[in-house]
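The values are calculated or read from the model by the stated rules, or taken from the named source; none is laboratory data. Because the structure is predicted, anything quoted here is derived from the model rather than measured. Here the Cβ positions follow ideal geometry from the backbone for every residue, glycine too, while neighbour counts run over all protein chains shown. Ligands, DNA and RNA are stripped out before the accessible areas are found, and what is left, the full protein with its side chains, is counted by its heavy atoms. Shrake-Rupley method; radii C 1.70, N 1.55, O 1.52, S 1.80 Å.
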Amino acid sequence: MRIGIFDSGYGGLTILKEIRRRLPQYDYLYLGDNARAPYGSRSFDIVYAFTLQAVERLFQEGCKLVILACNTASAKALRSIQQNDLPAIDPSRRVLGVIRPTVEVIPSLSESRHIGLLATAGTVASHSYAMELEKTAPEINITELACPMWVHLVENNEADAPGADYFVKKYIDQLLGKDPEIDTIVLGCTHYPLLLPKIREYAPEGMRIISQGTLVAESLADYLSRHPEIECDCDKNASTEYITTENPEKFNELASIFMDYPVESKRIIL
């Protein structure tokens, strides 16, 4: 059994990278629905339908455990898949997201109890972070802001270009303008870590910036330790395979930037 990692595009590779660093012994299968990305502005119904198709494909490829390494999919599709689809497909299989592992650490990081969320329009519209915080840490004040240009900057390999400065500064200023007491910023999109150098440049000194990769990796390690019935089924050949709904050559070029080594993929149709 391989561990499946799904994202609508390339951002989930930042999650995969940290998972591989933390848990290098396992076999992974990454699926990017790049032909239909981005998901951020799509409706709940469409995101749910696309995500379910991807999860079912990863199940067909032999994955018993799938990580939705996509905030939009986690926000709009995860609960429905867990509650409505898994019991009918196979109750022994598991689908996990990236929002809860992030929310769990926020209370320990924010001293002011004011945090900012920078994410896609879809994640912001879902208010998934706010709802999870309300359950676990209702004293936390969260200010959400959509950053519609950031994914395009990353996927067009413009994250380090001078033109990215304007949009990075713009959204950080807007966020802090809404709540000057924010002391912690959560990057609620897996693309955004590639903008970290510029985000740190324009964020106030001392501002905590939370990137999800290490948090999700630690959460997965904990999950596998608590579920030996799944961990024991995981293949341990330290291998990773990549499949995409986009042109493989295009995927390989961008994925290699995310992963810092040459990536080879094959194209599938969902």
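Here are a few things to note about the model shown:
- Scanning the range 179-198 for residues being part of a helix (DSSP H, G or I), touching a residue at least 60 places away in the same chain (Cβ under 8 Å) and in contact with a strand residue (DSSP E or B) (Cβ under 9 Å, 6 or more places away or on another chain) gives a total of 2.
- Among (1) over 15 Å from residue 187 (Cα atoms); (2) free of Cβ contacts under 8 Å to residues at least 24 places away in the same chain, the one test that residue 130 misses: (1)
- Odd one out for residue 263 among (1) touching a Ser or Thr at 6+ places or on another chain (Cβ under 9 Å); (2) in contact (Cβ under 8 Å) with a residue 12 or more places away in the chain; (3) open to solvent by 100 Å² or more (accessible area, probe 1.4 Å): (3)
- When residue 152 is tested against the conditions (1) over 17 Å from the mean Cα position of the chain (by Cα); (2) open to solvent by 20 Å² or more (accessible area, probe 1.4 Å); (3) under 24 Å from residue 196 (Cβ atoms), the lone failure is (1).
- Filter result (farther than 15 Å from residue 109 by Cα and open to solvent by less than 10 Å² (accessible area, probe 1.4 Å)) within the range 192-212: 192, 195, 199
- Residues that are part of a loop (DSSP other than H, G, I, E, B), within 29 Å of residue 64 (Cβ to Cβ) and out of contact with any Pro (no Cβ under 9 Å at 6 or more places or on another chain) within the range 93-124 comprise 93, 97, 98, listed in sequence order.
- The number of residues in the range 108-120 that are of a type outside the set (Lys, Arg) and surrounded by 15 or more Cβ atoms within 10 Å (Cβ to Cβ) comes to 8.
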